[in-house]
Amino acid sequence: MRFSLRRLRALLLPFAALASIPLHAQSPGIKLTPALVVAGSPEIIRVDAPREARVEGEWLGHTMRFFPGHDGNWYAVAGVDVETPAGPSVVKITIHRHDSLRESSTAISIHPAHYRTTSITVAPKFVEPGPDEQKEIAAEVDLKEKIFSSTAAEPLWTGNFTAPVPAQPTDSFGTRRTFNGKLASVHKGMDFRAATGTVVHAGNAGTVVLAQPLYYEGNCVIVDHGLGLMSLYMHFSRIDVKPGQHVAEGDRLGLSGATGRVTGPHLHWAIRWDGAMLDPAKVLHMNLTGLR
């Protein structure tokens with residue numbers, strides 16, 4: 001039997017259409033960057049909506065706060081916690097305009113991130129704290145929950161994030177650590193090999209919301225960058241800022257040290273979005289320039 005070229009194309013067209021469908025199709029009006037989402041990924045979410053609209057979003061139980069970009073689109077900075085299991089998820093978007101609303105969603109596959117396991121030896125009090133230390137830790141948990149529950153209603157950051165110290169970072173984010181052979185936890189930040197006294201700079205503009213000693217974190221500074229995005233700096237030998245102080249990218253926050261639960265002098269830098277701990281190395285590669 002002989003086939004004409006036209007008939008052959010008609011037979012192959014449905015298969016070509018199937019082959020062109022991505023594994024995690026994004027809605028035409030919703031775009032995630034980067035498109036490949038892994039545990040610990042920060043994400044820039046773009047929504048095509050009119051300037052006069054109000055855009056809301058929900059993903060993995062988190063509320064996404066959108067702001068209008070210079071290019072006429074709406075944006076949110078969001079992310080996937082380092083301990084989120086691999087599997088399907090759905091980004092839901094609601095666009096309010098005048099007296100109407102439009103809802104859309106896109107399916108996103110979350111892929112596993114492969115992290116190492118390591119053992120660390122620290123002072124025994126950081127593995128088995130006594131009754132007085134446990135009271136101190138409990139009070140600090142309440143304090144941090146209060147700090148994290150409030151954030152600026154608009155973006156405070158300016159441009160891209162930069163490294164807080166001119167030092168070599170370690171590949172430590174997501175590492176599952178065993179302390180003194182007993183306590184296992186996931187390392188939720190990036191460590192820099194910074195000698196005591198190294199100047200620590202703000203990774204981006206924001207408002208200082210905490211600047212004080214904590215049990216595990218040592219001398220700690222937290223900066224709110226707005227819309228749920230915060231950066232945490234730990235183990236300072238000296239703090240040079242106060243709560244309520246506005247800082248620009250590159251401003252001095254203090255000096256690195258070895259306070260809190262450490263094995264030696266270094267800076268622990270963490271990025272938090274609405275309770276999700278994100279990979280700082282990936283945050284440093286985010287292109288936020290020109291969004292606002």
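Here are a few things to note about the model shown:
- Remark: the range 36-46, residue by residue, has Karplus-estimated 3J(HN,Hα) of 7, 9, 10, 4, x, 6, x, 9, 9, 10, 10 Hz, where x stands for each Gly or Pro and the curve is 6.51 cos²θ - 1.76 cosθ + 1.60 at θ = phi - 60°.
- Legend: calculated FRET efficiency, Leu36 to Ala123, from the Cβ-Cβ distance at R0 = 30 Å, rounded to 0.05, equals 0.15.
- Cross-link table Lys31/Lys188; Lys31/Lys242; Lys31/Lys144, entries beyond 29 Å C-alpha to C-alpha: Lys31/Lys242; Lys31/Lys144
- Taking the 1.4 Å solvent-accessible surface of the range 37-101 as the whole, the part contributed by carbon and sulfur is 50%.
- Contour excess over end-to-end distance, with Cα ends at Lys242 and Ser109 and 0.36 nm allotted per residue: 43.8 nm
- Accessible area per residue (1.4 Å probe, heavy atoms of protein chains only) ranks Trp74, Trp157 as Trp74, Trp157, with the largest value leading.
The values are calculated or read from the model by the stated rules, or taken from the named source; none is laboratory data. Since the model is a prediction, treat every value here as computed from it, not as a measurement. Counting neighbours? That spans all protein chains shown, and the Cβs are built from the backbone with ideal geometry, glycine included. With ligands, DNA and RNA removed, areas are computed over all heavy atoms of the protein, side chains included. Shrake-Rupley method; radii C 1.70, N 1.55, O 1.52, S 1.80 Å.
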